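We did not get these values from a lab; they are worked out from the coordinates using the rules stated. Just so we're clear, the structure is a prediction, and the values are computed from it rather than from any experiment. Note: ideal-geometry Cβ built from the backbone for every residue, glycine included; neighbour counts use all protein chains shown.
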Amino acid sequence: MAGNERRPDRVAAAIREEVARVLSRDVQDPRITGAFVTVTSVEVSRDLRTAKIFVSILGDEDAKRLAREGLHDLAPQLRGPVGRALRLRAAPEIFFKVDESIAYAARIETLLAQIKTSESNDDAVETSGETPVAGDDDDRSD
């Protein structure tokens, strides 16, 4: 039954779209709307009973903490609407997990930019000829 192996992937994609829609349009919780929350991916168990929804949360630390709390409180309330929207016999239990990959990628990008800037500054000093050479004095008496 090769078709059944792909069903969790299809359900995960549908859950991702539905939860993203709900978060962007229907959620009024200021803890969640106070931060920029993005659904990055969803993992669904093979039996479709649980769904781990990975979210990226941008904002200061307080906003992130509040958004995590708000998502934790929202998860049980999403189960019914998601199940109905996807026409599933049994709606999966929803868990939110913070996806740090976007923040991690941004940090790497910042570090690479710093390295590039540092290297270009080093190259500029080397090509300007301003680097003193040991043993090369202008006080030579010829």
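Quick notes
- Its Kirkwood hydrodynamic radius, worked out from the mean inverse distance over all distinct Cα pairs, puts the range 2-100 at 13.6 Å.
- Considering only 55, 83, 108, the residue lying farthest towards the positive end of the dipole of the range 30-117 is 83, judged by Cα position with unit charges set on Cβ.
- Each of 36, 96 has some number of other Cβ atoms within 10 Å of its Cβ, and from fewest to most they run 36, 96.
- Low-density loop cleavage sites - trypsin sites (Lys or Arg not before Pro) in the range 1-76, where at most 12 other Cβ are within 10 Å (DSSP): 46, 49
- Extension gain, residue 7 to residue 105, is 32.3 nm, computed as 0.36 nm per intervening residue step minus the present C-alpha separation.
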